[in-house]
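The values are calculated or read from the model by the stated rules, or taken from the named source; none is laboratory data. What you see is a predicted model, and the numbers here were worked out from it, not measured in a lab. Cβ atoms come from the backbone with ideal geometry, glycine included; neighbour counts cover every protein chain shown. To get the accessible areas, we keep the full protein, side chains included, count just its heavy atoms, and leave off ligands, DNA and RNA. Shrake-Rupley method; radii C 1.70, N 1.55, O 1.52, S 1.80 Å.
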Amino acid sequence: MPKLLLATSNPGKQREFRVLLADSSWEIVTPQELHLSLPDEEKETNYEENAIIKAENAARASGLMALADDSGIEVDALTGAPGVLSARFGGPGLDDTGRLNLMLEQLEDVPDGRRSARYRAVIAIVQSSGETRTFEGTCEGMIGRSPVGDGGFGYDPIFYIPVRGKTMAELTMEEKNEISHRAVAAKKAVEYLRSLAAYGSTGAS
Ligand code: ITT
């Protein structure tokens with residue numbers, strides 16, 4: 001099988017992608033496995049450009065086809081923030097728990113009916129020839145009142161999914177992978193990856 005570099009340093013994303021891309025017809029390799037350290041270079045203000053920058057850097061550094069994900073959470077009561085800045089919400093001193101507690105604090109006075117939010121993910125796939133494709137997915141939810149569950153990563157303990165009656169962190173990975181923004185985008189990406197493999201395009205230039 002041809003190799004596809006999964007260009008993310010986020011262990012939560014890596015875990016999910018390993019399952020989501022299992023039927024892609026590509027062998028998934030990570031930057032750690034290749035002893036590659038990739039630059040942390042997200043300059044753009046939109047997901048698509050960030051995802052492309054990450055995948056391009058990885059493809060250039062490895063000579064392999066690369067897949068990157070840029071994602072975030074958009075809270076309507078915060079006019080769509082933190083969005084593309086979700087990983088850096090509250091500054092560099094905060095970890096996942098610090099960031100979700102800050103979000104709960106900022107939403108303290110927001111009533112239950114106005115706590116809608118969505119996750120968004122854009123996946124970019126860049127071949128070593130430079131050919132680039134992007135795929136987007138969203139997942140709708142509400143911001144809860146306190147963290148519940150210990151699965152997933154990031155904001156999952158406060159991302160409540162009304163149709164499931166649970167937070168994203170209470171779902172198993174299989175369940176998260178049925179409905180998440182990343183899963184919606186990955187489903188489209190897998191179709192593309194399978195077509196590339198079928199036509200013998202391995203990303204090598
Ligand atoms: P890479 O750039 O190395 O992939 P990153 O964590 O910096 O890792 P992003 O810049 O795309 O990735 O930031 C995405 C942030 O959005 C992530 O750190 C979480 O805070 C949040 N996020 C995205 N998808 C999520 C999910 O499925 N569950 C919970 N939080 C998520």
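How much of the accessible area of the chain, probe 1.4 Å, is carbon plus sulfur, in whole percent? Present the calculation step by step, with values, prior to reporting the outcome.
Values: 4930 of 10010 Å².
About 49 percent, which is the carbon plus sulfur part of the accessible surface.
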Open item on the list: If I ignore ligands, DNA and RNA and count only protein heavy atoms, how much of PHE135 is accessible to a 1.4 Å probe, in Å² to the nearest 10?
Closed with: 20
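Between GLU175 and MET1, how high is the FRET efficiency from 1/(1 + (r/R0)^6) when r is the Cβ-Cβ distance and R₀ = 35 Å? Nearest 0.05. Walk me through the numbers before you get to the answer.
On the way: r = 28 Å, r/R0 = 0.79.
About 0.80, to the nearest 0.05.
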Task: Debye-sum result for the chain in log10 I(q)/I(0), which assumes one identical scatterer on each alpha carbon, at q = 0.15 Å⁻¹ - done: -0.90
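Which of rounded, prolate or oblate describes the stretch 68-112 when judged by the alpha-carbon gyration tensor and an a/c cut-off of 1.5? Each step should come with its number before you reach the end.
Working: a/c = 2.48, a/b = 1.30, b/c = 1.91.
Oblate shape, in that a/c is at least 1.5 and b/c is the bigger or equal ratio.
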Open item on the list: For ARG194, what accessible surface area do you get with a 1.4 Å probe? Give it in Å², rounded to 10.
Closed with: 120
Open item on the list: To the nearest 20 Debye, how big is the dipole of the stretch 113-205 about its Cα centre, given +1 on the beta carbon of each Lys and Arg and -1 on that of each Asp and Glu?
Closed with: 320
Task: Gained length - ASN46 relative to VAL148, 0.36 nm times residue gap less alpha-carbon distance - done: 33.8 nm
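Explain nothing, just the number: dipole magnitude of the chain about its Cα centre with +1 on each Lys and Arg Cβ and -1 on each Asp and Glu Cβ, in debye rounded to the nearest 20. Spell out each step's value before the answer.
On the way: 22 positive and 31 negative charges, 71 e Å.
Value, rounded to 20: 340 debye.
How do SER146, SER9, SER116 stack up against each other in accessible area, from largest to smallest, with a 1.4 angstrom probe? Write out the running numbers ahead of the final one.
Working: SER146 60, SER9 110, SER116 40 Å².
My answer, sorted largest first, is SER9, SER146, SER116.
Solvent-accessible area per residue for the chain at a 1.4 Å probe radius, Å²? Can you show the working numbers first?
Details: 10010 Å² over 205 residues.
That works out to 49 Å² for each residue.
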